[in-house]
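We did not get these values from a lab; they are worked out from the coordinates using the rules stated. Because the structure is predicted, anything quoted here is derived from the model rather than measured. Neighbour counts are summed over all protein chains in view; Cβ atoms, including those assigned to glycine, are modelled from backbone coordinates with ideal geometry.
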Amino acid sequence: MTKNAAAHGIYPCELAKALEPQSGEKWRPSNGTEGEMFIASQCDGCKRWNGGDCKILLKTMFFDVEDEDYPPEWCYGDDGQPKCAAFREKSPKQKAVYRCKQTKDMFGGEL
């Protein structure tokens, strides 16, 4: 996990510390709010997600955590925080996934 991803843990430090023994085990959000926090901390900063190449989130919704097809990438990290092992930090200059080529550029950016 990169420095940026590690800085965005979703659990309070005390809870994460208690979960350290579960390091490497599959993780699943307990509710929608926890899922949204995870997506904001992991998926939104990942170049796989923003590039449209990631199907991990979709699989977590189709399969139960006990199912062998549930993605092992969503797991507890060494620090007890949930993480995505497939996380790849996007570069700060990574371009948007889509830009309409029919719309005139008003700010001097490149297509």
Inset, instruction - For Thr60, indicate whether it is exposed (fewer than 11 other Cβ atoms within 10 Å of the Cβ) and of a type in the set (Ser, Thr, Tyr). - result: no
Legend entry - Sole exception among (1) assigned to a helix (DSSP H, G or I); (2) within 19 Å of Asp67 (Cβ to Cβ) for Gly24, by number: (1)
